[in-house]
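Please read the structure below before turning to the comments.
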2 protein chains.
Amino acid sequence: MDDRPMMRALRGETLPVPPVWMMRQAGRYLPEYRAVRARARTFLDLCYTPELAAEVTLQPIRRFGFDAAILFADILLVPHALGANLVFVEGEGPRLSTVTTPDDLARLAPADAVHATLAPVYETVRQVRAALPAEVPLIGFAGAPWTVATYMIAGRGTPDQAPARLLAYRDPETFDALIERIIAATTGYLLAQVAAGAEIVKLFDSWAGALPGPLFHRYAVEPARRIAQAVRAAYPEVPVIGFPRGAGAGYASFAAAAGVQALALDTSVDAAWAAHELQPRLCVQGNLDPLLLVAGGPALDRATRATVAAFAGGPHVFNLGHGITPEADPANVERMLRAIRGAQG
Amino acid sequence: MDDRPMMRALRGETLPVPPVWMMRQAGRYLPEYRAVRARARTFLDLCYTPELAAEVTLQPIRRFGFDAAILFADILLVPHALGANLVFVEGEGPRLSTVTTPDDLARLAPADAVHATLAPVYETVRQVRAALPAEVPLIGFAGAPWTVATYMIAGRGTPDQAPARLLAYRDPETFDALIERIIAATTGYLLAQVAAGAEIVKLFDSWAGALPGPLFHRYAVEPARRIAQAVRAAYPEVPVIGFPRGAGAGYASFAAAAGVQALALDTSVDAAWAAHELQPRLCVQGNLDPLLLVAGGPALDRATRATVAAFAGGPHVFNLGHGITPEADPANVERMLRAIRGAQG
């Protein structure tokens with residue numbers, strides 16, 4: 001059995017000190033990340049240049065000794081590989097060609113044609129796995145179909161994902177066909193990441209909270225279940241982490257039905273509720289407010305210790321409730337790690 | 001006993017057909033609203049001109065025969081009355097002077113000084129109550145302290161309410177003092193609305209979902225509990241509706257501890273979960289996706305009937321899960337009403 005702390009926690013073991021990593025740990029809060037970013041012309045170039053993407057993946061492991069690395073990439077690489085035009089506009093976010101009609105859909109590439117575009121990502125995985133200390137597992141990831149669809153339909157980020165919800169109401173056939181295409185492409189993408197060396201996969205459903213109650217099962221739980229099932233069928237030892245961000249009480253139904261081995265909790269989730277409702281069933285990951293890494297001080301110490309204590313009775317991977325922000329102070333990350341590792345040992 | 005359907009549902013009665021109103025029912029989707037809006041120089045003028053504010057409050061009652069009217073006003077009138085500069089920038093939203101230091105706080109007016117500024121709102125309530133059919137109760141409202149504080153601290157709407165969360169971490173004394181000031185002002189404001197003729201009050205905590213788990217009880221539940229308690233102490237027959245939007249599983253702890261008579265459910269809440277976890281304790285209100293009033297068609301009929309059916313076993317007020325959007329078609333509102341009222345009688 002793989003006895004690295006991250007793998008043990010994801011298998012359901014309760015550990016005296018939780019393993020820890022951070023969403024967006026390879027990011028702009030690190031000066032060494034900004035230096036590498038400056039060597040790539042665009043953000044997409046950074047994602048598709050294995051030497052650079054591998055380097056930024058490894059940086060936070062070297063600096064902080066986290067218990068897991070996560071591939072540096074972007075959830076919009078899948079739509080890009082399906083044929084969408086994609087640019088990241090500095091300070092504004094992504095812009096991509098939209099898919100809102102059967103004709104748009106017909107112009108997309110088939111799901112199994114994504115690998116040519118995504119090959120550099122698999123090469124990044126290989127390089128990271130080769131360079132990473134053996135005791136640190138590598139997490140591969142993809143965006144969940146609903147979240148990816150919200151960008152493909154709107155052509156950009158939207159505050160309430162209204163264009164995607166409207167398409168689901170007005171033209172469910174086209175919407176469902178798009179979701180199916182993303183499910184297929186994402187499954188292939190994650191299987192290829194694992195084949196290249198990823199040892200854990202995570203599915204980011206960043207906008208799950210925008211799904212109306214009646215659509216949550218169909219568009220958040222079911223796609224995750226099918227993708228997780230495909231990964232586990234091929235690689236039974238690879239744990240799948242689900243992250244239906246903002247799902248609220250829906251976290252419980254997701255835990256019951258999605259067939260994932262761990263659930264990442266967003267910042268809003270009450271730890272006592274999650275310890276009672278979710279942890280008996282699976283490993284939970286989370287969920288410190290990333291703004292505490294901006295604020296620092298005793299508030300950070302207290303909240304970190306409280307998070308560790310709240311989840312100490314079951315399997316837990318310490319993480320933030322959302323990605324670390326560019327304004328975070330790396331010294332506060334050190335402080336958080338001291339509070340976690342000093343808290344119980 | 002007051003036997004109007006809205007009052008019966010809020011008292012906990014299960015009715016064969018739920019009473020219905022819509023958040024933001026006096027709004028830009030109505031041509032008659034836009035005509036009145038054009039007569040006021042600014043949005044604030046509209047809020048503070050009783051004849052105009054009363055007229056737009058009454059319009060949706062005349063057109064649709066809703067079971068409740070809701071005062072036309074804005075949640076930022078309380079900060080305005082506390083001394084904040086406030087302007088609504090067309091297409092961008094509110095801009096107000098910020099409160100982030102003890103000095104800023106010291107410059108605010110005392111809570112009991114808000115009534116001079118807010119007197120026109122009370123006059124609107126009187127005029128609406130005088131003009132409204134006796135069978136239609138009038139809902140007064142205010143923003144909840146956390147949500148109001150997010151605007152006062154940032155000086156505008158923010159995607160994730162980060163400035164308010166940061167102040168709560170960095171300077172909890174100032175943050176708590178601001179929350180206290182808003183609690184006191186809001187309590188006085190709602191009591192004055194009831195004295196002028198409001199028969200129900202609702203507290204809008206639009207950004208409750210941005211509260212990290214460990215802060216939810218302190219900054220969402222407790223302020224609501226204190227305000228509801230003050231209203232009920234003075235007016236035991238006035239029901240209080242809470243709306244901790246985005247609270248997820250926190251809806252259950254809010255229901256248990258806030259002492260409100262009804263809970264407004266946002267669009268993301270699963271109806272089966274709410275029927276099981278919340279409705280045995282209190283009346284629920286909601287929660288059709290407002291985008292269905294843009295989409296229309298059979299999707300609207302199906303979702304409306306499903307919402308009615310899901311909550312048919314307990315006290316329910318039919319509503320949207322969020323405010324109706326300017327793009328909604330008034331004909332779809334008629335269609336929704338037919339589906340509600342035809343669904344069970």
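The values are calculated or read from the model by the stated rules, or taken from the named source; none is laboratory data. Here the structure is a predicted model, which means the values were calculated and not measured. Here the Cβ is made from the backbone with ideal geometry for all residues, glycine too, and neighbour counts use every protein chain on show. Note: areas computed on protein heavy atoms with side chains; ligands, DNA, RNA excluded. Shrake-Rupley method; radii C 1.70, N 1.55, O 1.52, S 1.80 Å.
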| request: Being modelled with pLDDT of 95 or more and crowded, with 17+ Cβ neighbours inside 10 Å narrows it down to one of B:Pro60, B:Pro16, so name that one. | output: B:Pro60
| query | Restricting attention to region A:212-223, does a residue exist that is in contact with a strand residue (DSSP E or B) (Cβ under 6 Å, 6 or more places away or on another chain), of a type outside the set (D, E, K, R), touching a residue at least 60 places away in the same chain (Cβ under 8 Å) and outside any helix (DSSP H, G or I)? | reply | no
| field | Among the residues listed as B:Ala328, B:Ala339, the single one being more than 9 Å from chain A (Cβ to nearest Cβ), open to solvent by less than 10 Å² (accessible area, probe 1.4 Å) and not in a helix (DSSP H, G or I) | value | B:Ala328
| request: Scan (1) at the interface with chain A (Cβ under 9 Å from one of its Cβ atoms); (2) closer than 22 Å to A:Tyr251 by Cα; (3) open to solvent by 10 Å² or more (accessible area, probe 1.4 Å); (4) not aromatic (Phe, Trp, Tyr) for the single condition B:Gly297 breaks and write down its number. | output: (2)
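Matching residues to (1) in contact with a strand residue (DSSP E or B) (Cβ under 8 Å, 6 or more places away or on another chain); (2) farther than 25 Å from B:Ala272 by Cβ:
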{"site": "A:Ala255", "(1), (2)": "yes, no"}
{"site": "A:Gln261", "(1), (2)": "yes, yes"}
{"site": "A:Ala264", "(1), (2)": "yes, no"}
{"site": "A:His276", "(1), (2)": "no, no"}
{"site": "A:Pro280", "(1), (2)": "no, no"}
{"site": "A:Pro290", "(1), (2)": "yes, yes"}
{"site": "A:Ala299", "(1), (2)": "no, yes"}
| message | For region A:134-163: of the residues being part of a strand (DSSP E or B) and open to solvent by 10 Å² or more (accessible area, probe 1.4 Å), which is farthest from A:Glu180 (Cα to Cα)? | response | A:Arg156
| request: Take B:Gly286 and decide whether it is touching a strand residue (DSSP E or B) at 6+ places or on another chain (Cβ under 8 Å), within 17 Å of B:Leu15 (Cα to Cα), within 14 Å of another protein chain (Cβ to nearest Cβ) and in contact (Cβ under 8 Å) with a residue 24 or more places away in the chain. | output: yes
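Among the listed residues A:Arg62, A:Arg41, A:Arg28, A:Arg34, identify the single one that is assigned to a helix (DSSP H, G or I) and over 17 Å from A:Thr124 (Cβ atoms).
Values: A:Arg62 fails: over 17 Å from A:Thr124 (Cβ atoms); A:Arg41 fails: assigned to a helix (DSSP H, G or I); A:Arg28 fails: assigned to a helix (DSSP H, G or I).
Unique residue meeting the criteria: A:Arg34.
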| Of the residues that sit in region A:196-211 and are part of a loop (DSSP other than H, G, I, E, B) and within 14 Å of another protein chain (Cβ to nearest Cβ), which one is most open to solvent (accessible area, probe 1.4 Å)? | A:Trp207
| said: Can you pull out every residue in region B:224-238 that is in contact (Cβ under 8 Å) with a residue 40 or more places away in the chain, within 20 Å of B:Ile183 (Cβ to Cβ) and open to solvent by 10 Å² or more (accessible area, probe 1.4 Å)? | reply: B:Arg226, B:Ala230, B:Ala234, B:Tyr235
| message | Suppose the filter is touching a residue at least 24 places away in the same chain (Cβ under 8 Å) and either more than 24 Å from B:Ser97 (Cβ to Cβ) or open to solvent by 10 Å² or more (accessible area, probe 1.4 Å) (or both); does B:Ala26 pass it? | response | yes
| Candidate set from region B:251-268 (those that are under 25 Å from B:Val238 (Cβ atoms) and within 10 Å of chain A (Cβ to nearest Cβ)); member that is most open to solvent (accessible area, probe 1.4 Å) | B:Ser253
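Residue-by-condition table, conditions (1) closer than 27 Å to B:Ala177 by Cβ; (2) within 18 Å of the chain's Cα centre (by Cα):
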residue: B:Pro50; (1), (2): no, no
residue: B:Val56; (1), (2): no, yes
residue: B:Ala69; (1), (2): no, yes
residue: B:Asp104; (1), (2): yes, no
residue: B:Leu132; (1), (2): no, no
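Give A:Ala249, A:Ala255, A:Ala224 a once-over and let me know the one that is within 15 Å of the chain's Cα centre (by Cα) and small (Gly, Ala, Ser).
A:Ala224
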| message | Looking at region A:1-48 only, could you name the residues that are of a type in the set (Gly, Ala, Ser) and within 20 Å of the chain's Cα centre (by Cα)? | response | A:Ala9, A:Gly12, A:Ala26, A:Gly27
